[in-house]
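Data first, discussion second: the structure below is written as structure tokens.
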């Protein structure tokens, strides 16, 4: 395997930020990648969800949209585990040869799932009121 999935996007975004970050953060590449991954994916996912709700809720109820969010939040980790099960050698290579990438992508998964669950819960509580 030459490059892990989404390498171009992840590497470009990471370097754009880290090239301007203080040296103390640059020395902590894995911790910085994890922080950027979780923060970036949470912000982007939340923004996409806000835009999508405005568009989709014209045709789908808030409850149905929340159910879709919950399904996505559950399926994303399953997709990652499925990839690891189908390509164990590639997964081992990614984790061992690209630890900074692994830290960032792993944290991005957490940010994505958290944003999905938070939005689904927020709107399901509103729908019950």
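Figures for the structure shown
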{"item": "Residue satisfying all of: in region 90-101; touching a residue at least 40 places away in the same chain (Cβ under 8 Å) and in a helix (DSSP H, G or I); farthest from residue 30 (Cα to Cα) among these", "result": "90"}
{"item": "Tally of residues being in contact with a helix residue (DSSP H, G or I) (Cβ under 8 Å, 6 or more places away or on another chain) and either farther than 13 Å from residue 104 by Cβ or not in a helix (DSSP H, G or I) (or both) across region 26-36", "result": "1"}
{"item": "Qualifying residue in region 84-97 (condition: crowded, with 17+ Cβ neighbours inside 10 Å and at pLDDT 90 or above)", "result": "yes"}
{"item": "Filter result (surrounded by 14 or more Cβ atoms within 10 Å (Cβ to Cβ) and either touching a residue at least 40 places away in the same chain (Cβ under 8 Å) or farther than 18 Å from residue 124 by Cα (or both)) within region 40-53", "result": "40, 41, 42, 44, 45, 46, 49, 53"}
{"item": "Flag for residue 60 being at pLDDT below 90 and within 24 Å of residue 123 (Cα to Cα)", "result": "yes"}
{"item": "Matching entry among 107, 120 (being modelled with pLDDT of 95 or more and buried (at least 17 other Cβ atoms within 10 Å of the Cβ))", "result": "107"}
{"item": "Some residue of region 63-72 being within 19 Å of residue 109 (Cβ to Cβ), outside any loop (DSSP other than H, G, I, E, B), over 13 Å from the mean Cα position of the chain (by Cα) and without any contact (Cβ under 8 Å) to a residue 12 or more places away in the chain", "result": "yes"}
{"item": "Residues being at pLDDT 90 or above, within 15 Å of residue 41 (Cα to Cα) and outside any helix (DSSP H, G or I) - total across region 3-21", "result": "0"}
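The values are calculated or read from the model by the stated rules, or taken from the named source; none is laboratory data. Model, not experiment: these values are computed from the prediction. Neighbour counts run over all protein chains shown; Cβ positions are idealised from the backbone, glycine included.
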